[in-house]
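*Asks:* Here's a structure for you.
Where a number appears in this text, it was derived from the coordinates with a stated rule and is not lab data. Here the structure is a predicted model, which means the values were calculated and not measured. Here the Cβ positions follow ideal geometry from the backbone for every residue, glycine too, while neighbour counts run over all protein chains shown.
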Amino acid sequence: MVGPFLFWRSALVGLLPFTVVACATSTPTVPLVIQSHAPVKATATQLRVGVLQAVRNWADAKARIEDVHSRRIAEMLSIEADIAFLEAVSKIDPDGASAPDPGRLAALLKLRPGTTSFEEEVDKALTLAPPPRSSAEYFEAIKEIKAGFTEAQQDSLSKLLVDLGNLVGRSFVIEDDVAKWLREQKYDNWSDVVTLFVRRDGSGRVVADGATVVATIRNAAADLKIDPPDQPELRRVSARAVSRLRHRREQFATVDRLGSHLLTIARDLETYLQNDFEAIHWTEVGQAIGKAEALSSEISK
Amino acid sequence: MRTARVGALIAMALVTTGCSFFVAPNVATAPLRASLAAEALYGGPLQQQPKELARLGRSCSGKPEDCRFGDGRTQQAVNLGAVTLLEPSKGGATLRAPWIKWTQLYRLWDSVFASEHSVQDYFWAAGESENYTPLFIAYQNFAEVARAELGLDRDRLRAELFKQGREVLIRRIRALRTRWQAAAGSDKSALEREIRDHLELLAATEQRAEERVRKLDVLAEEEAALYTTMADATRVLDGLQRNISNHLLGQDLVLTAEEAKELGEATTERFKRIRESIDAARMAELEAQKKAQPPEWAERLESILQRLRGTGGK
């Protein structure tokens, strides 16, 4: 009995150094699949830099897309205004003698302009549209003339400020507040307001939009006896376009989040592939993937 | 005696396996899982992604051999076996006890305990669902919608413009014809020329309406070009991501660093051109607005008239 026991004990003692040597160098995080990440170290960096650049490009593209949408709506409104003008002319001007704006009609239909008298020329010059001004400047101009307002006009102005405050969800006490808000939102012209502004309630329902804001100002302008915003009225085609473009821009937030998750994964993978095991936080990658799961089907065609 | 035997067996197992008991779960699965999930975030379901990056966004479900993971079961088994069965212990052995590699004893351990993982195990479930829209598809959809929706608006506006313009001209022609019928001599021929001019204008009404709405095309194209460029950039990033996944799967890389760099630079150049085009159009509009302002003398004249009216009132 003693012989075999001694054999096993000696065997154990003999093997123990090997075991210790074998285990002493082991670490809890040994890459078992790939021994060297050298082939893709540069790729990982390239990917991380590329995703970062893509996120920046997208941020820049979004700003330009907003600008393009605004210009597109402005152009559509202008075309619709021309259509409305032609419709009005066709009803009241069978012989061309009493057209409301002969210059505009001539430009639209390429009619040969008739000879104009000096008086007509002066009238035409005086009835030209005032120089274009930004939406903020419109309210600053009200400030300059409001000293001469009658009591009724003052009341209309106060009502306008309250109505706008309710639409926008802020409190406007004086016209400068509105001008400040417009500048904050970077709405340079009325087309920006119509195209870009929208306010929703907690359930995501549209409470107010830019068209309503401009319509409210237009209605108040008649009472205030001032020029309305130099923006044609929203008609059916442009109203639908505003709604569609808004729907598209709403989906940009999901694209932003996709970019953010990809950036997280690219950063963590780069850290991992550079063999800096201690710096990696796989739980964060897991969270990023988990968040990405929630994005499913949020972007619709 | 029995205790001693157990101890000896444990010691033997430790020696022959290179301490596999004490090695943490294979951490390579975490980056691989993350990398494959990122691929799904870029390009959509991995099982439907085409092998060719240029075809990203089109489903390869019809032809399995064209799919990113469309290899047959045998080929998959060979690839995965090479990665998960042979390489792991080889790597571990090299790091810990070289003699384990020399003796090839790890193969004994692996044959009993190593398990083969399918690539599908690493797939991100949500990214495989059909209703999930990844980044590339999102940009592509935006570009398609931007181009398609314009047609509806433009055609409607063009038709309305044509209809109303035509209406004005027809009414004018009718009025001219009435005058022409009543006129005589030189007046008649002058009116005839005028009617002919109007008829020419009438014939060109549709073309003018088309020209009027053409600017909308340019604007839609500017927007669509931004989305298309973003989508193409996504394709390059997906290629780089594939490189990393393939590296972790022990497969060949799909995009060289030089190719990716060239494609990245091309994207930057495209963005630059689009930005310049948008900025130029914006500037042109501002210039046109400035030109539309009344001449300076009109303002002066108006102020003089106001002054005169004021004086007259008193």
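*Asks:* Based on alpha-carbon centroids, what's the gap between the stretch A:191-228 and the stretch A:37-71 in Å, whole number please?
*Replies:* 35
*Asks:* Here is a follow-up. Once you average over the residues of B:167-177, how many Cβ atoms of partner chains fall within 10 Å of each Cβ?
*Replies:* Numbers: counts 5, 15, 4, 2, 7, 10, 0, 2, 5, 2, 0.
Per-residue shielding by partner chains comes out at 5.
*Asks:* Next up: Relative contact order for the stretch B:136-313: what is it in percent, counting Cα pairs under 8 Å that are at least 6 residues apart? Display every interim value, and only then the final one.
*Replies:* Values: 94 pairs, mean separation 47.0, N = 178.
Relative CO of the stretch B:136-313 lands at 26 percent.
*Asks:* Measure out, as a whole number of angstrom, how far apart the alpha-carbon centroids of the stretch A:231-262 and the stretch A:136-180 sit.
*Replies:* Cα centroid to Cα centroid, the span is 29 Å.
*Asks:* Which residues' amide hydrogens lie under 5 Å from the amide hydrogen of B:Cys67, considering only partners 5 or more residues apart or on another chain, with H built in the peptide plane?
*Replies:* Close amide H contacts, sequence-distant or interchain: B:Lys51.
*Asks:* So which of A:Lys41/A:Lys62; A:Lys180/B:Lys215; A:Lys91/B:Lys215; B:Lys63/B:Lys261; A:Lys110/B:Lys163 end up more than 26 Å apart, counting from Cα to Cα?
*Replies:* Numbers: A:Lys41/A:Lys62 32 Å; A:Lys180/B:Lys215 32 Å; A:Lys91/B:Lys215 28 Å; B:Lys63/B:Lys261 31 Å; A:Lys110/B:Lys163 16 Å.
Table pairs above 26 Å Cα-Cα are A:Lys41/A:Lys62; A:Lys180/B:Lys215; A:Lys91/B:Lys215; B:Lys63/B:Lys261.
*Asks:* How far apart, in nm, are the 7 Å Cα→Cβ label points at A:Arg244 and B:Ala175?
*Replies:* 3.7
*Asks:* Which value, in debye to the nearest 20, describes the size of the charge dipole of the stretch B:136-313 about its Cα centre when Lys and Arg Cβ atoms bear +1, Asp and Glu Cβ atoms bear -1, and nothing else is charged?
*Replies:* On the way: 31 positive and 33 negative charges, 296 e Å.
For the stretch B:136-313, the charge dipole is close to 1420 debye.
*Asks:* Long-range amide H contacts for A:Ala208: which residues qualify at under 5 Å (H placed 1.01 Å from N, peptide plane, sequence gap of 5 or more or a different chain)?
*Replies:* When sequence neighbours closer than 5 places are left aside, the close amide H contacts are A:Arg199.
*Asks:* Sort A:Glu144, B:Glu285 so that the residue with the fewest other Cβ atoms within 10 Å of its own Cβ comes first and the one with the most comes last. Can you show the working numbers first?
*Replies:* Details: A:Glu144 9, B:Glu285 14.
Lowest to highest Cβ neighbour count: A:Glu144, B:Glu285.
*Asks:* Suppose each label sits 7 Å from its Cα in the direction of the beta carbon; what would the A:Arg104-A:Ala63 distance come out to in nanometres?
*Replies:* 3.5
*Asks:* Show me the ranking of peptides B:224-232, A:211-219, A:159-167 by mean Cβ neighbours inside 10 Å, starting with the highest. Don't skip to the answer; put the middle values down first.
*Replies:* On the way: B:224-232: 21.2, A:211-219: 19.3, A:159-167: 17.2.
Ranking the peptides B:224-232, A:211-219, A:159-167 by packing returns B:224-232, A:211-219, A:159-167.
*Asks:* If you don't mind, there's one more thing I want to ask. Across the stretch A:244-253, in residue order, what do the Karplus-derived ³J(HN,Hα) couplings come to in whole Hz, using 6.51 cos²θ - 1.76 cosθ + 1.60 with θ = phi - 60° and x for Gly and Pro?
*Replies:* Values, residue by residue: 5, 5, 5, 4, 5, 5, 5, 7, 4, 4 Hz.
*Asks:* Something else about it: Please give the contour-minus-distance gain from A:Lys186 to A:Thr150: 0.36 nm per residue of separation, less the Cα-Cα distance, rounded to one decimal in nm. Intermediate results must be reported in sequence, preceding the final value.
*Replies:* Working: separation 36, 0.36 × 36 = 12.96 nm, distance 3.21 nm.
Stretched out fully, the A:Lys186 to A:Thr150 stretch lengthens by 9.7 nm.
*Asks:* At 7 Å along the Cα-to-beta-carbon direction for both B:Lys261 and B:Arg214, put a label point, then send me their distance in nm to one decimal.
*Replies:* Distance between label points: 4.3 nm.
*Asks:* With r as the distance between the Cβ atoms of B:Glu65 and B:Glu285 and R0 = 45 Å, compute the FRET efficiency 1/(1 + (r/R0)^6) and round to 0.05. Spell out each step's value before the answer.
*Replies:* Working: r = 52 Å, r/R0 = 1.16.
For R0 = 45 Å, the calculated efficiency reads 0.30.
*Asks:* Say a paramagnetic label sat at a point 7 Å from the Cα of A:Glu140, along Cα to Cβ; which residues of the stretch A:183-227 have their backbone N under 18 Å from it?
*Replies:* A:183-193, A:227
*Asks:* Please rank A:Ile145, B:Ile244, fewest neighbouring Cβ atoms within 10 Å first, as an exposure proxy.
*Replies:* On the way: A:Ile145 12, B:Ile244 29.
Lowest count first: A:Ile145, B:Ile244.
*Asks:* While we're on this one: Take A:Glu119, B:Glu144 and order them by how many other Cβ atoms sit within 10 Å, fewest up front.
*Replies:* Details: A:Glu119 8, B:Glu144 14.
Fewest-to-most Cβ neighbours within 10 Å comes out as A:Glu119, B:Glu144.
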